[in-house]
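For reference, the structure is listed below as structure tokens.
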Amino acid sequence: MRRPAAFLIPAAVALICLPFATSCRPKPRVPGWVQAAPADSLAAFSGEAGWVLTHKDVQSLISRDPMVERALDLFLQKARINPRNETGRVTFHVIGMPQKGEDNLQKGLEHVLIQLNQFKDPTALVSALAESFPQEGSLRLQGRDWPLHVILDIETQGTKAHIRAASDEQGQVWIGSLEALNRMATRGSLAALPDAALAAEWISARAPFQGYLQPETLLGGLRQNLESTFIKDLPQGVNALFWSITPATEKDQPIRFELALAGTPEGINQVTPWLQRLVAAANAVQATPGSTPELLQEKRRVGLRCTLTPDQLKLVMEKLGQPGFSFRLPTGGPKA
């Protein structure tokens, strides 16, 4: 959680300015994981379970936090989940601003919440949770009390962490510290935040890989960690950034990339030069013929849709402060 083909936006982009109508707007069509995501999620990485749980680069990222790794591994083992046969999603949320001295976003499960949803058999998932882990206490979600299940208790460097899991009426499972779970239960959902909903609506809900950043809050508390990224140069007033990636199923085919930002009219009006810099950096890596990118803009949101080579995508993700590993989906199913 850390942290477009030959074109430059000024020369090749197709700009579509759409009127922003606040009246008669239908309910935003946001990805499933966003609908239930906690409102104070500062950053999130969401991927298809079969890929996330088997990809060596993702596993390496997770292993940087032993508590996160142990809690997830223990749940998967006891719940008898075979990642290669799964159709659901696994999402990692960073919640709560790290305190002074905590210089990365993965400082223990007190700041990480794991969300498992859209699994092919949610009833079996919840049953496995109840059968494999003892109940201790409850958590109030969506107006109901749901049992909390003990995943593990761990003490490291004098700090105790009580890792628990809970499910909800949609059959989602949440894993995190008691602090993280209680924060989630007492806050609204990410989709209820107007800017987050606007941005999330402009990425593909079915894209295998998706993510989110809350730029203003991250910049306020972690500016030093973001100095090598383009996030630090975002204009003020950009409150939500979502991205999605749809890998090609055939070798040497381009990867579809979507980026959506939402915020104040003033912030969105100033964001085009920032997008130009991002695209120019990607173009400098490898200039190859590709489809003309789309830039869609409204009063409070802007979206970029394009195709990228793997090298271009890696650079773009790094500039966004996101995982820069290989996003490939071989036709034989997820592989590391």
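The values are calculated or read from the model by the stated rules, or taken from the named source; none is laboratory data. Here the structure is a predicted model, which is why all the values come from computation and not from measurement. Reconstructed Cβ throughout: ideal geometry from the backbone, glycine too, with neighbour counts over all protein chains shown. What goes into the accessible areas is simple: the full protein's heavy atoms, side chains included, and nothing from ligands, DNA or RNA. Shrake-Rupley method; radii C 1.70, N 1.55, O 1.52, S 1.80 Å.
Looking only at region 152-198, how many residues end up being touching a helix residue (DSSP H, G or I) at 6+ places or on another chain (Cβ under 8 Å), hydrophobic (A, V, I, L, M, F, W, C), open to solvent by 10 Å² or more (accessible area, probe 1.4 Å) and not in a helix (DSSP H, G or I)? Break it down stepwise before answering.
Applying the first criterion (touching a helix residue (DSSP H, G or I) at 6+ places or on another chain (Cβ under 8 Å)) to region 152-198 yields 152, 154, 156, 161-168, 170-176, 189-191, 196-197.
Subsequent filtering for residues that are hydrophobic (A, V, I, L, M, F, W, C) retains 152, 154, 161, 163, 165-166, 173-175, 190-191, 196-197.
Those still in the list that are open to solvent by 10 Å² or more (accessible area, probe 1.4 Å) too: 152, 154, 161, 191.
Applying the additional criterion that residues be not in a helix (DSSP H, G or I) yields 152, 154, 161.
Matching residues across region 152-198 total 3.
How many residues does region 45-62 hold that are assigned to a helix (DSSP H, G or I) and either more than 20 Å from Thr246 (Cβ to Cβ) or open to solvent by 60 Å² or more (accessible area, probe 1.4 Å) (or both)? Spell out how you get there, then give the answer.
Step one: filter region 45-62 for residues assigned to a helix (DSSP H, G or I), giving 49-52, 56-62.
From what's left, either more than 20 Å from Thr246 (Cβ to Cβ) or open to solvent by 60 Å² or more (accessible area, probe 1.4 Å) (or both): 56, 59-62.
Within region 45-62, residues that are assigned to a helix (DSSP H, G or I) and either more than 20 Å from Thr246 (Cβ to Cβ) or open to solvent by 60 Å² or more (accessible area, probe 1.4 Å) (or both) number 5.
Where the second residue is open to solvent by less than 30 Å² (accessible area, probe 1.4 Å) and in a helix (DSSP H, G or I) and the first is at pLDDT below 70 and charged (D, E, K, R) and lies in region 203-229, which pairs have Cβ atoms under 7 Å and are six or more apart or on separate chains?
From region 203-229, no pairs qualify.
How many residues are of a type outside the set (Val, Ile, Thr) and modelled with pLDDT of 80 or more when one looks only at region 81-102?
Within region 81-102, the first condition is being of a type outside the set (Val, Ile, Thr), and the residues that meet it are 82-86, 88-89, 92-93, 96-102.
This time we only want the ones that are modelled with pLDDT of 80 or more, so: 88-89, 92-93.
Going through region 81-102 one residue at a time, the tally reaches 4.
Can you report the number of residues in region 289-307 which are open to solvent by 50 Å² or more (accessible area, probe 1.4 Å), at pLDDT below 90 and in contact with a Lys or Arg (Cβ under 8 Å, 6 or more places away or on another chain)?
Pass one, region 289-307, residues open to solvent by 50 Å² or more (accessible area, probe 1.4 Å): 289, 291-292, 294, 299-300, 305.
Now restrict to residues that are at pLDDT below 90: 289, 291-292, 294.
Among the residues that remain, those that are also in contact with a Lys or Arg (Cβ under 8 Å, 6 or more places away or on another chain) are: 294.
Residues in region 289-307 being open to solvent by 50 Å² or more (accessible area, probe 1.4 Å), at pLDDT below 90 and in contact with a Lys or Arg (Cβ under 8 Å, 6 or more places away or on another chain): 1 in total.
Applying the selection to region 63-72, what residues are among the acidic types (Asp, Glu) and either over 19 Å from Lys160 (Cα atoms) or assigned to a loop (DSSP other than H, G, I, E, B) (or both)?
Asp65
Could you say whether any residue in region 63-79 is small (Gly, Ala, Ser), at pLDDT below 85 and under 17 Å from the mean Cα position of the chain (by Cα)?
If we filter region 63-79 for residues that are small (Gly, Ala, Ser), which is where we start, we get 63, 71, 79.
Remaining after also requiring at pLDDT below 85: 63, 71, 79.
Imposing the further condition that a residue be under 17 Å from the mean Cα position of the chain (by Cα) reduces the set to none.
No, every residue in region 63-79 fails to be small (Gly, Ala, Ser), at pLDDT below 85 and under 17 Å from the mean Cα position of the chain (by Cα).
Quick one: in region 237-276, of everything that is surrounded by 15 or more Cβ atoms within 10 Å (Cβ to Cβ) and charged (D, E, K, R), which residue is modelled with the highest pLDDT?
Checking each candidate, the answer is Glu258.
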